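Please read the structure below before turning to the comments.
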Amino acid sequence: MTNGLHVTGGLQVTGLRRSYGAVPVLHGVDLEVPPGTLTAVVGPSGCGKTTLLRLVAGFDRPDAGTVAIGAQVVAGPGVAVPPERRRIGYVTQEGNLFPHLTVAANITFGLPRRERRARHRVAELLELTGLDESYAGRHPHELSGGQQQRVALARALAPAPELMLLDEPFSALDAELRADTRRAVAEALAAAGTTTVLVTHDQAEAMSLAARAAVMRDGVIVQEGVPAELYRRPADRGVAAFLGDVVELPAIYGDDGADTLLGRVAVGHRNGAATVFVRPEQIVLTAAGDGAPADVLDVEFFGPFALVRVLVGKDLRVTVRCPGHLVPAVGERVRVKVAGGAL
């Protein structure tokens, strides 16, 4: 128990491999999810995220490797615990509510018969997922998409699973509803102390919701850690570019930094010519006399901020992410420099 809440066991995936015919999908995946936390597995479509989730859930069997939930190995050499005995909750993009059942009946569907009449349990789960008890008598078609996803989560939480698996659960929702729903879902999972794996291709979703994130590419996890560290210290250019926009600056490395057209940038020790990578928000507009002169080529305005593309010198084009109230005009001469060190 932590802060009065039951914290479930963690997840340990070791050396997981899976091929379909001659096509390898997973190449030896290692993943550790600490008890009671939410870890996001993020990566482009086709990288193996859903296959990983299906192997953890027991819907498919690995060719090699092990899956352990808490202290129990549920998949591995000579071990194949069926899905219904793994104590896993699974929420998909569609939610998959039963249209002919009420919200209360959907939530209690997987419970033993004697527990299905416990109205207080339905009320607790609705409150946990941010819904009023009055929703209990409604049917799925009377709910918004976000409300349906919250009911699907409540149904998955009802049996008190050891592990919750979320497979792109918010991708079918519009932007505003997606933000509200994922915030409510994250709060509900934290309140329940449930160990959770979220699979998504949405980088912002992974970075904002998860305590830890794992970047998956071509069937392997290439980097795992705290989201802020993955963003600031990516393992390679591929990870850097997947987690956000990247600006490439030609540079000459020296003993105490790299010289670029935008000035000196702090980097690890290297020598010779190469390229440094920084984020657009690290390139800032400066006062007259400070920074490199640049011409504004175009502006994408998003309200709170804007992406401003500028030309430095004859052929270096860089993107600046600046506050919405400081947006320069196209054609204006500005000065820019890099704030902070390179990725």
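Read-outs: derived from the displayed coordinates by stated rules, not from any lab. Small disclaimer: the values here were computed from a predicted structure and weren't measured. As a convention, Cβ positions derive from the backbone with ideal geometry for all residues, glycine included, and neighbour counts pool all protein chains shown.
Grab the DSSP H runs of the chain that are 4 residues or longer, score each as -39,500 (n - 2.57), total them, divide by all residues and round the 222 nm result to the nearest 500 deg cm²/dmol.
When only DSSP H runs of four or more count, the value is -6500 deg cm²/dmol.
By average Cβ neighbour count within 10 Å, what is the ranking of 84-92, 100-108, 317-325, 19-27 from highest down?
Highest mean packing first, the order is 100-108, 84-92, 317-325, 19-27.
Could you give the length gained by full extension between Ala287 and Asp315, i.e. 0.36 nm per residue of separation minus their alpha carbon distance, to one decimal place?
Fully extending the segment from Ala287 to Asp315 adds 7.8 nm.
Cut-off 15 Å, label point 7 angstrom out along Cα-to-Cβ of Leu297: give me the residues of segment 238-263 whose amide nitrogen falls inside.
Inside the label zone: 246-250.
Starting from 0.36 nm per residue, how many nanometres of slack lie between Arg61 and His120 once their C-alpha separation is accounted for?
17.4 nm
Pull out the extension gain between Ser19 and His139, defined as 0.36 nm times the separation in residues minus the alpha carbon to alpha carbon distance; nm, one decimal.
39.1 nm
What does the C-alpha gyration tensor say about the overall shape of segment 245-338? Classify as rounded when a/c is under 1.5, otherwise prolate if a/b is larger than b/c, or oblate.
prolate
Of the candidates Ala266, Ala57, Ala190, which one comes out as most mobile in a Gaussian network treatment of the chain with C-alpha springs shorter than 10 Å?
The residue that fluctuates most here is Ala266.
Please work out the Cα center distance from segment 74-97 to segment 211-228, rounded to the nearest Å.
For segment 74-97 versus segment 211-228, the Cα centre distance is 22 Å.
Give me the one-decimal nm value for the distance between modelled label points at Ala273 and Gln72, 7 Å along each residue's Cα-to-Cβ direction.
It works out to 6.2 nm between the two label points.
Using a basic spin-label model with each label point 7 Å from the Cα along Cα→Cβ, how many nm lie between Ala191 and Glu94?
2.9
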